[in-house]
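J.: Structure provided below as structure tokens; questions to follow.
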């Protein structure tokens, strides 16, 4: 619908006032490969018949999901088709990278016609991603065992399939979230991919739905919900000012009792300006009480190990009826139990919970991205396993 409305904005005049004896500008949508080096896309346009005067019109680019200066160089020129000729070529500079990402769209807008009629004022160029490289796809790091004494694996996602298992996962989408975050969460393959046995969530700097950044947020609500057990998640994390990845769980009664009354269990949160440190938390209390009832413990890597973007680590909780223990690479760093619950509030952790995986951009806790932040940023999940 938007593409059908935009032409009148571009043209600034009524089509009905154009001379019906003039030829019609003929344009088409195209798909091109991104490629590995910067290149020029030659966009062909024509008119329906020769004319006895020069034909001119203005052509300008608009990034839809493509970003000016990152994916293409802005073009805004007057094009001339000489008297007696019917074709012209428009050269658009395409900027490339080697990162696996979604396809991107540029619009060519046509306006200010002289001696030609414009009936369709927009032509679409779709830049088809042909990259297979993921940021920092080094598989080194810690691996957790496939079994634990007295426990069996009851569910896992190893992400070895070619697309996300929608029997287990949901996309949560939209642009208005808590904590003053600034991303738009997109569904499908726009910011989510499976590659080389990894789930890849990508945060990008791109304009979409009046937001300047996009990302993805996945949940297992209504599909995979468990109470108690050991949960292992092997992941490599993004970094940078304003980047806020999280691996967490919410109670299955959230839709009826609200947050944080449902209980929240944060296996891992990282603030991108401190890429060596993660936080494990519980949030609880009456509905709508925000962060009044929270317990958080931090874990920092030794300086010799770099940060959480350098290699994979395993984030774990051992969740029992009256205890939740937090681990990084099987190193215990926090234990929460009913004695930690303040203000006479209930222990909210004795009913099923579901998973949430996301990268938030900006927000009250990390602050917004700045000139030092590099995009795109990716969180790579190798596996999620539950043992009971």
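J.: Starting from the Cα of residue 111, move 7 Å in the Cα-to-Cβ direction to define the label point; list residues of segment 53-69 whose amide nitrogen is under 12 Å from there.
T.: It comes to 58-62, nothing else.
J.: For the peptides 190-197, 304-311, what is the packing order when you average, over each peptide's residues, the other Cβ atoms within 10 Å and list the highest mean first?
T.: Order by mean packing, descending: 190-197, 304-311.
J.: Calculate the FRET efficiency for residue 339 and residue 168 from the Cβ-Cβ distance with a Förster distance of 51 Å, rounded to the nearest 0.05.
T.: Efficiency for this residue pair is about 0.90.
J.: Tell me, in nm to one decimal, what length is gained between residue 156 and residue 256 on full extension, where the rule is 0.36 nm per residue of separation less the Cα-Cα distance?
T.: Here the answer is 33.3 nm.
J.: Still on this model: Helix 2-11 against the longest principal axis of the chain: what's the angle in degrees, Cα atoms only, rounded to the nearest 10?
T.: The answer is roughly 40 degrees.
J.: Note down the nm distance, to one decimal, between modelled labels 7 Å out along Cα→Cβ at residue 148 and at residue 130.
T.: Output for this residue pair reads 4.7 nm.
J.: In terms of the Cα gyration tensor, with a ≥ b ≥ c the square roots of its eigenvalues, is segment 130-261 rounded because a/c is under 1.5, prolate because a/b exceeds b/c, or oblate?
T.: oblate
J.: Go ahead and estimate [θ] at 222 nm for the chain from helices alone: -39,500 (n - 2.57) per DSSP H run with n ≥ 4, summed, over the residue count, rounded to 500.
T.: -1000 deg cm²/dmol
J.: Follow-up. With Rg and the Kirkwood Rh both taken from Cα atoms, where does Rg over Rh land for segment 215-353?
T.: Looking at segment 215-353, the ratio lands at 0.96.
J.: For the peptides 346-352, 212-218, what is the packing order when you average, over each peptide's residues, the other Cβ atoms within 10 Å and list the highest mean first?
T.: Taking the mean over residues of other Cβ atoms within 10 Å, the ranking is 212-218, 346-352.
J.: Just need log10 I(q)/I(0) for the chain at q = 0.07, 0.12 Å⁻¹, Debye formula, equal scatterers on the alpha-carbon atoms, no solvent, rounded to two decimals.
T.: Scattering profile of the chain, log10 relative to I(0): -0.42, -0.92.
J.: Could you work out how far the C-alpha centroid of segment 337-388 sits from that of segment 52-104, in angstrom?
T.: Spelled out, the Cα-based centre of one part sits 43 Å from the other.
The numbers here are math on the coordinates, done by the rules we state, and not lab data. Keep in mind the model is a prediction, meaning the values are calculated, not measured. In this analysis, Cβ positions are derived from the backbone assuming ideal geometry, glycine residues included, and neighbour counts consider all displayed protein chains.
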